[in-house]
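Values in this text are rule-based calculations from the coordinates and carry no lab data. Being a predicted model, the structure only gives us computed values, none of them experimental. Backbone-built Cβ (ideal geometry, glycine too); neighbour counts: all protein chains shown.
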Amino acid sequence: MPYPYNIELPTLVVRAHEQAERLGFPMMPQGRPIGKSAPTTTITPADGALLRALVAGYPAGRICEIGTGAGVSTAWLISGMLPNSSLLSCEINPELAGAAKSFFQEFQFVEIRAGDWSQALNAEEPFDLLFFDANIKEVLIDSDNWSRIASLVRIGGKIIMDDLTPLELWPSEWKDNIDYKREFCLCNPQIAGVEVRTTKNTVSLISTRIY
């Protein structure tokens, strides 16, 4: 097989992309242009395939997504889930949450909640895997919130964050920026984290809670 190879999209993901287009969320397979404004986009196929591979490692797992958006990442998670697993996805935008509830209504093991995750998840037990894709800077800018985020997953559970730019591709005007995703995943004593290059322009972070 020649490399790099094209990622085959599961049928549910194809349907989710069609829904996303209707909602105004285009797909940019290599990520958004670096240092330039762009519309809100769906998860890249490479990042979605990473989610699918990781979630498949949790048979009967309790999976959580913060930031349902147009539902493409939700579809990737579902495509990797094994029997007896469950997925809870939170979306702060009520219109997007409503669209996702309708789109995923055939999946009895999926729950879509409308509202801010910090309130919607207060009564939940720790999850096995969390895809955290919302309110990143606002939450992570204060390291006092790090323990709160980490506590959303059990010890040994994983937190995934995507849509980062490789550091060597940062424009010069970004040189003094703080990357709060990297700070949380790579400088957090509760977390063992690593960067994974998913396309030439994008990086995801995989982290495991260690205590």
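Taking every alpha carbon pair in the range 87-199, what does the distance histogram look like in 5 angstrom bins from 0, in percent?
2, 10, 18, 20, 19, 14, 10, 5, 1, 0
Work out the length of the dipole vector of the chain about its Cα centre, built from +1 on the beta-carbon of each Lys and Arg and -1 on the beta-carbon of each Asp and Glu, and round it to the nearest 20 debye.
About 340 debye.
Please list, by residue number, every one of the trypsin sites (Lys or Arg not before Pro) in the range 128-211 that is coil in DSSP and has at most 13 other beta-carbon atoms within 10 Å.
Counting only loop positions with at most 13 other Cβ atoms within 10 Å, the trypsin sites (Lys or Arg not before Pro) in the range 128-211 are LYS175, LYS200.
Based on DSSP H runs of at least 4 residues, each adding -39500 (n - 2.57), what is the mean residue ellipticity at 222 nm of the chain after dividing by all its residues, to the nearest 500 deg cm²/dmol?
Counting only the DSSP helices, I get -8000 deg cm²/dmol.
Given a 10 angstrom Cα cut-off, can you work out which residue in ILE34, ILE159, ILE92 is the most mobile in a GNM of the chain?
The residue with the greatest mean-square fluctuation here is ILE34.
Bin width 5 Å, origin at 0, all Cα-Cα pairs of the chain: what percent of pairs per bin?
1, 7, 15, 20, 22, 17, 12, 5, 1, 0
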